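Read through the structure below, which is laid out as structure tokens, and then see the notes.
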Amino acid sequence: MELIVYAIIGLILGVVIGYVIAGTLLRKNIEKKSSHLIEEAKEKAEILRKENELKMKERFIRLQSEQDKKASERNQKFQRLENKLKQREDALTKKLAEHQRAVKELNDLKNALSIRSEKLAKQKEEVDKLHKKQVTELEKISALSADEAKAQLIETLKDEAKTEAMVYISDILDEAKATANEQARKIVVETIQRTAAEHAVENSVSTFHIDGDEIKGRIIGREGRNIRALEALTGVEVVIDDSPDTILLSGFDPVRREIAKQALTKLVADGRIHPARIEEVVKKTKKQIEHKILETGKKTLVDLGIHGMHLELVKYVGRMKYRSSYGQNLLQHSKEVAKLCATMAAELGLNPKIAKRAGLLHDIGKVPDFETDDPHAILGMKLAEKYKEKPEVCNAVGSHHEEVEMKTLYAPIVQACDAISGARPGARREIVESYLQRINKLEEIAMSQEGVLKTYAIQAGRELRVLVSAEKVSDEEAARISYDISKKIQGEVTYPGQIKITVIRETRAINVAK
């Protein structure tokens, strides 16, 4: 037992001693490796230090090179600036020298002018003395004072200047008309030729043809009840007289006359003519005419290329077909004005669609059948505003007779085109009395000029020929008389189109051989 104990103890001691020896050897080995690692680390650190030193030296050298390069460029720039400053200094020095030389020359010139002005002043005094002496001698010779002679000279020069001025004015007017009106004349002529419309003179009476007196009796009816019913329903007076095969329909409303004419045509064709049948036919005819009016308005807008117009205005356009102004059909007139406006607006760089719209609607105020105190231009403007037309269109409609102020260029275009369409010979019917008054007024204006012997208004008042006395009126004064008459006519007479004034001066030399 003791041996076993000793053996175990010895084993334990051997193990402990082995561990101690092994730990000692391991420690020595670790120390050896750590010292080796430290040396390697020192070598690597030394290598890294040397590499960093090299990099720093290279960076320093590169930075130093860049700084040297920048310094060199800066020195070159300073050198260039210095050269420019030197050149500018030389130029300023040169200019200063030139300025000093110019000042010197000016001073010399000033002195010379001063000397010359003194000489001129002395010469002027001598001339004045000589002039006074000559004036005194002339007054003695002519028995006229200087003021009287001056007045006569002024009057003579005034007459000569007036005559020359009239010739000059005439030349200027001819040149201005040839240049300024060239384009306008082209536009007006071309548009009139392209848009010329037929004009039918209308009145307040329509005729209805029948086959015989039997139809007349049936239209009149028992005790005239048929004709009274027709007149009450249509608002048109039916005139049946001794005229063969003709019945007259009298009324100022062309739409009502058309309704009466169409209703009579249907009644005569049907053969049944009595008050109830008349009422039925007149109602149907009114609806047909209203539909026809609407279709006419739509067709007119399509023909003119106008879109987006209110339906009520379309109806008013259709009703123009049954209206006339001074015998001129209102729809034809409005269509013609619309085309003229579009052409002129295009030539002037404006919107032709707006101009065409304004031209078509300019007389729309003549169409409504309700009573109003407003002129047709103002009424037309109100209708256009009511149905949402553009402000340019409304203003052109309202101002084409100058009842309101013109605010756009479309307004004078509409006014001019309205005058062109209405002033064409034969376009409108004119009352004989007003025509004669205008002719007499033209001759009266011409006779008021001094030296006029006779005047003749020819070509329906579109040309005025004036005969002047050759003894009292010269050729230059004849031109002045023509100009004065034209201006006076423009200011005092209202007329369509234009009036040509021709002044005739005739000189006759008569001798008798014996």
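Please treat every number below as a calculation from the coordinates, not as lab data. Just so we're clear, the structure is a prediction, and the values are computed from it rather than from any experiment. With ideal geometry, Cβ positions are generated from the backbone for all residues, glycine too; neighbour counts draw on all protein chains shown.
Taking all Cα pairs closer than 8 Å and separated by 6 or more residues, the relative contact order of region 327-429 comes to 28 percent. Sequentially through region 85-98, phi angles give Karplus couplings (6.51, -1.76, 1.60; θ = phi - 60°) of 4, 5, 4, 4, 4, 4, 5, 4, 5, 5, 5, 4, 5, 5 Hz, Gly and Pro residues having no value and appearing as x.
Residues whose amide H lies under 5 Å from that of I504, counting only those 5 or more places away or on a different chain, are V466, L467, V468; hydrogens are built 1.01 Å from N in the peptide plane. Legend: ranking of residues E336, E477 from fewest to most surrounding C-beta atoms inside 10 Å; resulting order E477, E336. Sequence-distant contacts, meaning Cα pairs under 8 Å at least 6 residues apart, place the relative contact order of region 433-505 at 35 percent. Phi angles across region 300-305 convert, under the Karplus curve 6.51 cos²θ - 1.76 cosθ + 1.60 with θ = phi - 60°, into 3J(HN,Hα) values of 4, 5, 5, 4, 8, x Hz, Gly and Pro given as x.
By the gyration tensor of its Cα atoms, with a ≥ b ≥ c the square roots of the eigenvalues, what is the shape of region 213-368: rounded for a/c under 1.5, prolate for a/b over b/c, or oblate?
Note, shape of region 213-368 comes out prolate.
Per-residue counts of other Cβ atoms within 10 Å, averaged by peptide: what ranking do you get for 63-70, 381-388, highest first? Can you show the working numbers first?
Working: 63-70: 10.0, 381-388: 18.4.
Ranked from most to least packed, the peptides come out as 381-388, 63-70.
Among L230, L3, sorting on how many other beta-carbon atoms sit within 10 Å of each Cβ, with the fewest leading, yields L3, L230. Ordered from longest to shortest, the equivalent ellipsoid semi-axes for region 327-429 are 19, 18, 11 Å, each the square root of 5 times a Cα gyration tensor eigenvalue. With the highest mean first, a sort of the peptides 341-347, 407-413 on other beta-carbon atoms found within 10 angstrom per residue produces 341-347, 407-413. Apply the Debye scattering formula to region 433-505, with a single equal point scatterer on each alpha-carbon and no solvent, then give log10 I(q)/I(0) at q = 0.15, 0.20 Å⁻¹. Calculated log10 I(q)/I(0) at the listed q: -0.43, -0.75. By other beta-carbon atoms within 10 Å, ranking L453, L130 with the fewest at the front produces L130, L453. Averaged over residues, the count of other Cβ atoms within 10 Å places the peptides 312-319, 363-370 in the sequence 312-319, 363-370, highest first. In the structure shown, do any of K315/K388; K292/K407; K339/K441 have a Cα-Cα gap over 25 Å, and if so which? Pairs exceeding the cut-off: K292/K407; K339/K441.
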